[in-house]
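Inspection log for the structure reproduced underneath, given as structure tokens.
The values are calculated or read from the model by the stated rules, or taken from the named source; none is laboratory data. What you are looking at is a predicted structure, and each value in this text was computed from that prediction instead of being measured. Here the Cβ positions follow ideal geometry from the backbone for every residue, glycine too, while neighbour counts run over all protein chains shown.
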Amino acid sequence: MFQISASKRINTAFFPYLLAFISTQTLLGQQHVIGWQTFENGTPGNNNSGIQDNTPDTNSTFDATPRGSSSGNLYLTGSIGANASSEGWDGYGQASNNDFLNGGTFGDSLAITSSTLANGSPGVRIGPFGNPRPNGEANGGTSSWKFAEAGSVNLLKGDFSITNHSDYHFELGAIHFDARGLANPATSPNALELRYLATPGELVNVTSGSEVADLTLLYANTWTARGVENISLVLEPVLGSVSRIPPGEKASFRFVWSGNTGGGHAQIDNIAFSGVFKDQNNGFISIDPTEDPRPIPEGPNIIVMIPDDQRWDATSFMQSSIGASGRVARFPWLANPTQQTPNMDRLSNEGVHFNNAFVVYSICSPSRATMLTGQYPHLHRVTDNHTHFPATATTYATLLQEIGYATGYFGKWHMGTQKERPGFDTAVSFEGQGTYFNTEFFDESGSSLFTSSATDWVDDVSTLHARNFITAQHAAGRPSLTILGFKTPHQPWDPPARSSGLFSSDSAESVPNLNVAPPFAPEANNGANVSELRNYMRTVVGIDHNVGEILTLLDDLEIADNTAVIFISDNGFFRGEHRLGDKRSAYEESLRVPLMIRYPDRQSGPLSVDPIALNVDIAPTILELAGVAVPEAMQGRSLLPLMTGATPSDWRDSFIFSYNIDPEFPTAAVVPHLGLRRADGLKLVNYSDDTSWDELYDASDNADPYEINNLYSSPARAADLASMTKELVETADHLGFMKASGFSMSPQGGAWWVQAADASLFQVETSSDLSSWQVAGTFEGGGTPTRLSLPTPEFSSSEVIEGDAADYVLAEGPPVAAIYGFDTLRVGSVSSSGGRDAVLIFELPVLANGLEIALAELEVHVVRTFAQWDADLWVLGIKDNTTPILEYSESPTGSSAVLKLEDAIFDYTTSNSGEIVQSNSLSGLTQYLQSFYARDPSYAGGKYLFLRLNSTADIGVNDQRYTVTAANHTTANNRPKLNLFYRAQGTKPNKQFFRVRYGTTGL
């Protein structure tokens, strides 16, 4: 995989044979080359002409934003053997440890790229991106494509092909290959032919306008002695015309060896195609589809480095300075006798160090999504580590991409099993948590690139590709946005060799809150493992080296002054404080993070600033740095004013933070909470499950920085508690965490729309006098306005509607299909091949004269099977027959008839042995049916209600699902039911007031 540019010098130090290949052609337009290499030693005396490479892929090139390609970022791909033709001959093969014929590595992973290499030379590279075996020495010299009679003439045939995925014609200029005949002079084949295969094939002779004839001979040679021929076969003289592969077509070819009989072999060491794309709509002029058409914006380079779980004090800089604030330096050996994080410290000393930097949600994926979107998790809806980031979300990356920035993502992304990197032109990134070694990397479209070795530390690999990207974009003259996500220092804390021997006799210093357990987890006893601590810090030292590599590169390229470098962790981490050992909690060790920004062209010299800075500020900061308007939907603020030493008069003096149940750890010690912290150190925490756990601290440096003295019940701090509570409610409303957003009242009842934080629990209460309140129900927020029915408690009669036996399961496609006839219906993941939705059907009754619906409830019997995820209740519509509605949850059609009625009708608390579950009385089901009967007061029957139960996260593994009893089940009591409660028409309900409160106990 490589590109040749006529305007730039070819680096012949790495590619001596390619120069001979290409020099036989006139370079008209952008020359593209695609091919395979055997990775044998490049020494001529070794009788192998493979191109030496170094893993992990130091000669990588990068795609511009794809244009005119039907295969993501792939414009040309090649196949050898089975996929290359209708017969698919693959010769004699080769040793099992060679990848030359591995279709998964070679056949589908070849991309044409546009940028220069890290050393400034053109992208002259053959072969798949990041092949795991860098040269033939590791394979014992057995990595050639071999041909030998060995009892069958078919073992002397080898097919290969090239497919054009672009919207343009590919003018095939030459086929390049290295052939070795008479490997064994007595028994090896000595004659070689190369022929074109018209089935399948579509290589058009431009002069005649017809396809090149089947089995046209393109090349022939006979060896008289053992040796290698380096062939660069220009096709025009052979065919009497230039030839083109039309868009979407494949051209196939065949090697045929002959001559001596016996077991000796001949071989092909490398194959490549070269040519130029032609635009049919513009007179077949040459065109480069990989060329980035966007204008080059004016703006700095921007680099964001994000460690995973790095504490705010886990640098030498902090360990040297933290004592001045009255706190204990827990890890003094980071700074003395040797400064162990000199490069992170360089950012603190040369840039702007934010003394009070916090995250608004202390867990990996939600924090990373907050940085990208500039929104709180309760709105962007990534509230756990397994939710995929929305591909259509507006982020600083998408906005910079739109104005012409080259955007690259390298390393850890997290956010579930998501492999795609929306908003990024280029990615070399891994899935989920990844591993410190042997990590599979993927590109921006989710295609596998390579797997790192057992000795290549993951953060070194990510950094290498980030450096190459920065260098390539600098050479292209285009400003770049580079995100480098470290796995470090997330568990299991496997450090690189360079730091693995550090701190062997060091332990953490004691602090006052080590034995102060949180009220919600009095038995907690974690985080004090000395071995884990040492490895944690060893990984931190490991990535400090990577930070230094980036900073040194900026110096070497002389772009440091015009590059903004941002370093921020996704959350903090406990090392035994409060007897905890993770993050998630509301204490300082969890919420505080290191944040440094260095941008010499815009900062007022080295600074250390005190105003509150949040991870939600990263997106608006980056946008202002690039000169892009900050969207109103972003909730953070640019930190740029603080970088100049000026604090705006309206800068925040408090912020809210929260945490919800993480379905991955539903029984984790940390529980859902919502809190407020002020700049003066006052912190209020309200717990969703139990108000007796609520906390109020003065966490300022000169008061209670270790959060030991809970002031929540202190009469002396009652005014502070009231003030903090009021501010928390007002801020939650302002930020859309908990906000009334509309009403719809009718004589039959009504609906209340509440903007409620995604995945958080809320409680609705009713009152007739505004003094005494009763719980009407609880509901889970969905991040967008949730429709709540406002039922009245008075009813005079009821009716049970049995589910219709036509109920069905929707099976994930494509195409989506309905499955009938089972006595249980599956909801969620069935296997890695896809998931299921359950659809229940009820025939709506004719209401008796003078009655109207007061309340509607769905009742089902459900069993949870290892399902960590919630399941929601939706209505698909009402129709006059039971023909399935094929509206699968993960491939919505956008139908306005499809409405969510209730979040989390099932969740992790649902029994794994089975239980009856009823929809919430607040769900939108009541109001939906009230509206139906109000619209059709003369309804005479024959209409069917379709209700869908679907998982909120179909991750497609481990058979994680809920099983709902179907209408044809033999156990009648477990069949689906629609419970309808009636009252007399025109009944004037008693006056009621409604209020919503955070949690199941209320804020």
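Within the stretch 331-386, how many residues are free of Cβ contacts under 8 Å to residues at least 60 places away in the same chain and either outside the structural domain of Leu614 (by TED's automatic domain parsing) or not small (Gly, Ala, Ser) (or both)?
Qualifying residue count, the stretch 331-386: 7.
Are there strands (runs of 3 or more DSSP E) fully within the stretch 342-451 with at least 1 residues that are of a type outside the set (S, T, N, Q), modelled with pLDDT of 90 or more and under 15 Å from the mean Cα position of the chain (by Cα)? List them. Lay out the reasoning, then the answer.
On the way: elements: 352-354, 406-412, 426-430, 440-442, 448-451.
Of the strands (runs of 3 or more DSSP E) lying wholly inside the stretch 342-451, those with at least 1 residues that are of a type outside the set (S, T, N, Q), modelled with pLDDT of 90 or more and under 15 Å from the mean Cα position of the chain (by Cα) span 406-412, 426-430, 440-442.
Within the stretch 697-741, can you find the residues that are farther than 28 Å from Gly636 by Cβ and of a type in the set (Ser, Thr, Tyr)?
Tyr706, Tyr712, Ser713, Ser714
Keeping to the stretch 329-341, report how many residues are surrounded by fewer than 24 Cβ atoms within 10 Å (Cβ to Cβ) and assigned to a helix (DSSP H, G or I).
Here the count works out to 2.
In the stretch 830-844, how many residues are surrounded by 16 or more Cβ atoms within 10 Å (Cβ to Cβ) and outside any strand (DSSP E or B)?
Adding up the residues that qualify gives 1.
Every residue in the stretch 876-921 that is in a strand (DSSP E or B) and touching a Lys or Arg at 6+ places or on another chain (Cβ under 6 Å), please.
Listed by number, the residues that qualify are Leu876, Ile878.
Of all residues being in contact with a helix residue (DSSP H, G or I) (Cβ under 7 Å, 6 or more places away or on another chain) and part of a strand (DSSP E or B) in the stretch 225-271, which is farthest from Tyr196 (Cα to Cα)? Just the residue, please.
The extreme case among them is Asn230.
Conditions tested, residue by residue: (1) modelled with pLDDT of 95 or more; (2) within 19 Å of Phe737 (Cβ to Cβ).
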residue: Ala646; (1), (2): no, no
residue: Trp651; (1), (2): yes, no
residue: Ile661; (1), (2): no, yes
residue: Pro672; (1), (2): no, yes
residue: Leu676; (1), (2): yes, yes
residue: Asn686; (1), (2): yes, yes
residue: Thr691; (1), (2): no, yes
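Which condition does Gly681 not pass, out of (1) in contact (Cβ under 8 Å) with a residue 60 or more places away in the chain; (2) at positive phi; (3) crowded, with 18+ Cβ neighbours inside 10 Å, if it passes all the others?
(1)
Sort through Ser429, Ser445 and tell me the only one that's on the phi < 0 side of the Ramachandran plot and either charged (D, E, K, R) or buried (at least 24 other Cβ atoms within 10 Å of the Cβ) (or both).
On inspection, the qualifying residue turns out to be Ser429.
I'd like to know if the stretch 924-939 contains one or more residues that are on the phi > 0 side of the Ramachandran plot and buried (at least 18 other Cβ atoms within 10 Å of the Cβ).
For the stretch 924-939, residues on the phi > 0 side of the Ramachandran plot and buried (at least 18 other Cβ atoms within 10 Å of the Cβ): absent.
Of the residues Val276, Val242, Val256, which is among the β-branched types (Val, Ile, Thr), buried (at least 18 other Cβ atoms within 10 Å of the Cβ), under 18 Å from His169 (Cβ atoms) and at pLDDT 95 or above?
Every option except Val242 fails the conditions.
Each row is one residue, and each column tells you yes or no for (1) at pLDDT 80 or above; (2) surrounded by fewer than 19 Cβ atoms within 10 Å (Cβ to Cβ).
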residue: Ala138; (1), (2): no, yes
residue: Gly158; (1), (2): yes, no
residue: Asn164; (1), (2): yes, no
residue: Asp167; (1), (2): yes, yes
residue: Arg180; (1), (2): yes, no
residue: Pro185; (1), (2): yes, yes
residue: Leu194; (1), (2): yes, no
residue: Ala198; (1), (2): yes, yes
residue: Gly201; (1), (2): no, no
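Do we find a residue being modelled with pLDDT of 95 or more, of a type in the set (D, E, K, R) and part of a loop (DSSP other than H, G, I, E, B) anywhere in the stretch 458-470?
no
Do the conditions hold for Ala521, that is, is it modelled with pLDDT of 95 or more, surrounded by 17 or more Cβ atoms within 10 Å (Cβ to Cβ) and in a loop (DSSP other than H, G, I, E, B)?
no
One line per residue, one yes/no per condition, for (1) in contact (Cβ under 8 Å) with a residue 24 or more places away in the chain; (2) crowded, with 23+ Cβ neighbours inside 10 Å:
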{"residue": "Thr883", "(1), (2)": "no, no"}
{"residue": "Tyr888", "(1), (2)": "yes, yes"}
{"residue": "Pro892", "(1), (2)": "no, no"}
{"residue": "Ser896", "(1), (2)": "no, no"}
{"residue": "Leu899", "(1), (2)": "yes, no"}
{"residue": "Leu949", "(1), (2)": "yes, yes"}
{"residue": "Ala966", "(1), (2)": "yes, yes"}
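Can you tell me how many residues within the stretch 356-369 are out of contact with any Gly (no Cβ under 8 Å at 6 or more places or on another chain) and of a type outside the set (A, V, I, L, M, F, W, C)?
4
Of the residues that make up the stretch 564-579, is at least one under 29 Å from the mean Cα position of the chain (by Cα), farther than 22 Å from Ile622 by Cα, among the β-branched types (Val, Ile, Thr) and buried (at least 17 other Cβ atoms within 10 Å of the Cβ)?
no
Among the residues of the stretch 789-801, are any at pLDDT below 90, in a strand (DSSP E or B) and touching a Phe, Trp or Tyr at 6+ places or on another chain (Cβ under 9 Å)?
yes
Among the residues of the stretch 153-199, count how many are assigned to a strand (DSSP E or B), closer than 22 Å to Thr224 by Cα and of a type in the set (Ser, Thr, Tyr).
Total meeting the criteria: 0.
Filter the stretch 476-502 down to the residues that are surrounded by fewer than 24 Cβ atoms within 10 Å (Cβ to Cβ), aliphatic (A, V, I, L, M) and not in a loop (DSSP other than H, G, I, E, B) and list them by number.
Within the stretch 476-502, Ala476, Ala497 qualify.
Checking Val863 against (1) under 32 Å from the mean Cα position of the chain (by Cα); (2) at positive phi; (3) surrounded by fewer than 20 Cβ atoms within 10 Å (Cβ to Cβ), only one condition comes out false. Which one?
(2)
Inside the stretch 300-328, can you point out the residues that are among the β-branched types (Val, Ile, Thr) and either in contact (Cβ under 8 Å) with a residue 12 or more places away in the chain or assigned to a loop (DSSP other than H, G, I, E, B) (or both)?
Ile302, Ile303, Val304, Ile306, Thr315, Val328
Quick one: count up the residues across the stretch 853-875 that are part of a strand (DSSP E or B), touching a Ser or Thr at 6+ places or on another chain (Cβ under 8 Å) and either modelled with pLDDT of 95 or more or of a type outside the set (A, V, I, L, M) (or both). Let's see the steps before the verdict.
Filtering the stretch 853-875 for residues part of a strand (DSSP E or B) gives 853-865, 871-875.
Going one step further and asking which of them are touching a Ser or Thr at 6+ places or on another chain (Cβ under 8 Å), we end up with 853-865, 871-874.
Next cut, either modelled with pLDDT of 95 or more or of a type outside the set (A, V, I, L, M) (or both) only: 856-865, 872-874.
Selection size over the stretch 853-875: 13.
Would you mind stating whether Pro297 is in contact (Cβ under 8 Å) with a residue 24 or more places away in the chain and either in a loop (DSSP other than H, G, I, E, B) or not aromatic (Phe, Trp, Tyr) (or both)?
So Pro297 fits the description; yes.
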